[in-house]
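The next block holds one structure in the form of structure tokens; read it before the comments.
The values are calculated or read from the model by the stated rules, or taken from the named source; none is laboratory data. Here the structure is a predicted model, which is why all the values come from computation and not from measurement. Cβ sites come from the backbone with ideal geometry, for glycine too, and all protein chains shown count toward neighbours. Surface accessibility is based on the protein's heavy atoms, side chains included, excluding ligands, DNA and RNA. Shrake-Rupley method; radii C 1.70, N 1.55, O 1.52, S 1.80 Å.
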Amino acid sequence: MSIRVERAFGEAVEGEAVVSEEGFSPRYDLDRWSGVITKPGHKLEGVSLKDKVCFFPTAKGGIAAGWAFYDIKWKKIAPKAFIFGVTNPVMVQGAIFAGITIADGWSKDRRQDVATGDWVRVDPAARFVQVLRRSS
């Protein structure tokens with residue numbers, strides 16, 4: 001199963017998927033010391049994003065995302081990739097600066113094609129995300 005994305009930047013990566021129905025802010029949703037979603041009430045509250053391929057329908061936040069992405073990458077708690085339905089230039093710039101693969105333009109309807117726990121490959125050059133193995 002492959003999911004096409006409109007735009008993608010970074011290196012090809014593989015990892016375990018974390019799929020959210022809620023948007024993401026690296027500054028307000030994520031504990032930048034542990035890599036765990038700690039915002040009370042977030043649908044992924046308590047989930048670690050470290051070394052995961054993270055799917056979010058939207059990006060939340062602005063200018064602080066740039067330094068927040070660099071901060072979590074430097075602390076070695078960053079995801080391998082972010083896949084957004086819709087993002088903004090500041091998030092893209094921050095991810096590229098930090099060296100985190102990022103893509104956007106996947107349809108919210110495609111969430112049925114990938115689930116948390118699936119093993120996926122992100123290929124920015126080809127602009128696709130491939131489900132390699134379904135979670136058990």
Exercise. Using a 1.4 angstrom probe and counting only protein chains, how large is the accessible area of Asp104 in Å², to 10?
Worked result: 10
Exercise. For the chain, what is the accessible area per residue in Å², given a 1.4 Å probe and the full set of protein chains?
Worked result: 50
Exercise. Where the accessible area of the chain is counted over protein heavy atoms with a 1.4 Å probe, how much of it, in %, is carbon and sulfur?
Worked result: 51
Problem set entry | Sparse-neighbourhood loop sites, GluC sites (Glu not before Pro) in region 1-74 - DSSP loop, at most 12 other Cβ within 10 angstrom | Glu6, Glu21
Problem set entry | Helix-only mean residue ellipticity at 222 nm for the chain, each DSSP H run of n ≥ 4 adding -39500 (n - 2.57), per residue, nearest 500 | -4500 deg cm²/dmol
Problem set entry | DSSP-assigned coil residues among trypsin sites (Lys or Arg not before Pro) in region 52-136, each with at most 14 further Cβ atoms within 10 Å | Lys75, Lys76, Arg134
Exercise. Using alpha-carbon pairs under 8 Å, 6+ residues apart, how would you state the relative contact order of the chain in percent?
Worked result: 35
Seminar exercise, completed: To the nearest 20 debye, the chain has a Cα-centred charge dipole, built from +1 on Lys and Arg Cβ and -1 on Asp and Glu Cβ, of 100
Exercise. From the list (i) 16.9, 59; (ii) 13.1, 39; (iii) 17.4, 56, can you say which value of Rg and Dmax of the Cα atoms in Å was derived from the structure given?
Worked result: (ii)
